[in-house]
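The values are calculated or read from the model by the stated rules, or taken from the named source; none is laboratory data. Just so it is clear, the model here is predicted, and its values are computed rather than measured. Here Cβ is always computed from backbone atoms with ideal geometry, including for glycine, and neighbour counts include all displayed protein chains.
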There are 2 protein chains.
Amino acid sequence: MVELLVASNNPKKLAELEAVLAEAGIAGIELVAPADVAAYPEPVENGLTFRDNALIKARAGAAATGLPCVADDSGLAVAAMGGMPGILSARWAGRHGDDVANNALLLAQMEDIELRDAAFVSCCALATPGGEEFSVEGRWEGRLLRRPRGAGGFGYDPIFEPLGEGGRSAAELTAEEKNAVSHRGRALRELAVHIAELKNR
Amino acid sequence: MVELLVASNNPKKLAELEAVLAEAGIAGIELVAPADVAAYPEPVENGLTFRDNALIKARAGAAATGLPCVADDSGLAVAAMGGMPGILSARWAGRHGDDVANNALLLAQMEDIELRDAAFVSCCALATPGGEEFSVEGRWEGRLLRRPRGAGGFGYDPIFEPLGEGGRSAAELTAEEKNAVSHRGRALRELAVHIAELKNR
């Protein structure tokens with residue numbers, strides 16, 4: 001059994017990776033949450049891209065624990081806003097993780113703007129204690145709604161309408177539907193190939 | 001005397017243009033404020049660039065009053081934020097013109113980001129009732145501070161440190177110093193040439 005640290009305090013992300021690995025038929029990987037590890041430091045995410053930040057977190061996790069580590073950095077890129085909230089998505093309204101405030105602020109900022117094109121973007125990175133690094137990026141195209149809809153998901157899901165989902169918001173999809181098409185699902189499935197190789201070291 | 005509508009409710013902008021025209025030795029232009037004109041409509045600023053919005057305002061003013069009209073759209077473009085707050089500068093925190101909230105939000109968003117490069121950008125546009133349009137853009141390079149400093153100016157001036165001003169914030173310059181080097185000062189001086197020609201129609 002190979003232990004793999006998932007550098008996120010969000011249990012949904014660990015479950016999502018678990019599902020992706022099962023679906024890909026990848027066995028023999030035991031996912032470890034930060035809470036299970038004695039000394040896991042939260043690094044400052046001061047990168048300028050999703051990739052920067054995903055690698056910062058994956059490296060920090062691997063260095064602190066001696067385990068290979070997976071991390072992701074994700075966000076909503078709004079075309080009319082030069083790709084913002086982007087890497088600042090989680091703290092858009094100024095306080096980390098306040099989804100309601102983040103959604104309300106973004107809708108207020110975009111009130112007069114007709115161009116609603118937006119995409120969820122995720123970079124997933126894998127770093128090993130030996131210094132190997134892999135990173136892959138997934139995108140999920142759609143448009144920004146004018147009011148929140150749906151109770152599922154998290155983050156900007158209630159105000160994001162993905163293309164090809166019958167006009168539903170991301171928060172109106174089931175977890176399975178979302179994982180099958182979402183930015184992070186896509187990136188994780190690509191990263192799974194590299195995760196599977198950890199067993200051959 | 002040629003009447004020229006200045007499409008702004010900010011009396012400082014009218015005074016700034018007045019100073020620029022005087023300095024350039026351009027006489028015979030009488031600046032008119034929206035408050036002086038019976039039916040001045042506030043158009044929706046739904047453009048995607050400073051130029052779009054400056055032209056939207058200048059056109060609306062000329063169409064509604066039959067006077068040539070000058071308008072500007074300005075904002076702070078932060079490099080690490082893909083050029084935002086940009087066209088959304090005035091309503092960044094969600095409510096139009098709340099400078100204190102806008103500054104506080106931007107500093108909170110940028111707290112972990114080392115790259116502080118930023119520029120004030122202004123597009124000034126002139127539209128005539130006959131359908132002529134001119135637009136020019138001015139930039140003022142600098143960097144984002146970590147705390148507000150100074151009591152002058154307005155908008156993001158307290159958290160912007162222009163290059164070449166001895167480390168002072170834009171809010172620590174006198175109005176004359178600021179107009180001599182600022183984004184809007186530069187754009188207005190370029191536009192003055194076209195304003196002077198209004199007398200030859």
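What the table shows:
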quantity	calculated
Some residue of the stretch A:111-118 being surrounded by fewer than 23 Cβ atoms within 10 Å (Cβ to Cβ), more than 13 Å from chain B (Cβ to nearest Cβ) and touching a strand residue (DSSP E or B) at 6+ places or on another chain (Cβ under 6 Å)	no
Filter pass, A:F134 being outside any strand (DSSP E or B) and away from every other protein chain (no Cβ under 14 Å)	no
Test result for B:G150, farther than 28 Å from A:N53 by Cβ, among the small types (G, A, S) and within 14 Å of another protein chain (Cβ to nearest Cβ)	no
Single condition A:H96 does not satisfy, out of (1) more than 16 Å from the chain's Cα centre (by Cα); (2) farther than 26 Å from A:V181 by Cβ	(1)
Residue count for the stretch A:43-60, restricted to those that are under 16 Å from the mean Cα position of the chain (by Cα) and more than 12 Å from chain B (Cβ to nearest Cβ)	6
Positions within the stretch B:31-73 being of a type in the set (F, W, Y) and either free of Cβ contacts under 8 Å to residues at least 24 places away in the same chain or not in a loop (DSSP other than H, G, I, E, B) (or both), in sequence order	B:F50
Qualifying positions in the stretch B:11-30 - in a loop (DSSP other than H, G, I, E, B) and surrounded by fewer than 14 Cβ atoms within 10 Å (Cβ to Cβ)	B:G25, B:A27, B:G28
Count of residues meeting criterion [among the small types (G, A, S) and loosely packed, with under 14 Cβ neighbours inside 10 Å] in the stretch A:143-167	4
One residue from B:E141, B:E114, B:E165 being among the acidic types (D, E), part of a strand (DSSP E or B) and out of contact with any His (no Cβ under 6 Å at 6 or more places or on another chain)	B:E141
Test for B:N46: is it of a type in the set (S, T, N, Q) and touching an Asp or Glu at 6+ places or on another chain (Cβ under 7 Å)	yes
Residue within the stretch A:154-172 that is touching a Phe, Trp or Tyr at 6+ places or on another chain (Cβ under 7 Å), of a type in the set (G, A, S), closer than 24 Å to A:A58 by Cα and touching a residue at least 40 places away in the same chain (Cβ under 8 Å) present	no
First in the stretch B:128-140 and over 21 Å from B:E3 (Cα atoms), second anywhere and in a strand (DSSP E or B) and among the β-branched types (V, I, T), Cβ under 7 Å, 6 or more apart	B:E137/B:V121; B:R139/B:V121
Residues being part of a loop (DSSP other than H, G, I, E, B), in contact with a strand residue (DSSP E or B) (Cβ under 9 Å, 6 or more places away or on another chain) and either surrounded by fewer than 18 Cβ atoms within 10 Å (Cβ to Cβ) or modelled with pLDDT of 95 or more (or both) - total across the stretch A:168-191	3
Cross-chain or 6+ apart pairs with Cβ under 6 Å, the stretch A:98-121 first and of a type in the set (K, R), then surrounded by fewer than 21 Cβ atoms within 10 Å (Cβ to Cβ)	A:R116/A:R143
Residues satisfying the stated conditions in the stretch A:122-139, i.e. surrounded by fewer than 24 Cβ atoms within 10 Å (Cβ to Cβ) and out of contact with any Cys (no Cβ under 9 Å at 6 or more places or on another chain)	A:S122, A:G130, A:G131, A:E132, A:E133, A:R139
Number of the condition not met by B:L4 [criteria: (1) within 14 Å of chain A (Cβ to nearest Cβ); (2) in a strand (DSSP E or B); (3) more than 23 Å from B:G152 (Cβ to Cβ)]	(1)
From the options A:L163, A:L188, residue that is over 18 Å from A:R51 (Cβ atoms) and hydrophobic (A, V, I, L, M, F, W, C)	A:L163
Residue, surrounded by the fewest Cβ atoms within 10 Å (Cβ to Cβ), within the stretch A:31-51, restricted to residues that are within 27 Å of B:Q109 (Cα to Cα) and touching a strand residue (DSSP E or B) at 6+ places or on another chain (Cβ under 8 Å)	A:T49
Residue satisfying condition, being within 8 Å of another protein chain (Cβ to nearest Cβ) and either crowded, with 16+ Cβ neighbours inside 10 Å or modelled with pLDDT of 95 or more (or both), within set A:A80, A:A101, A:A90	A:A80
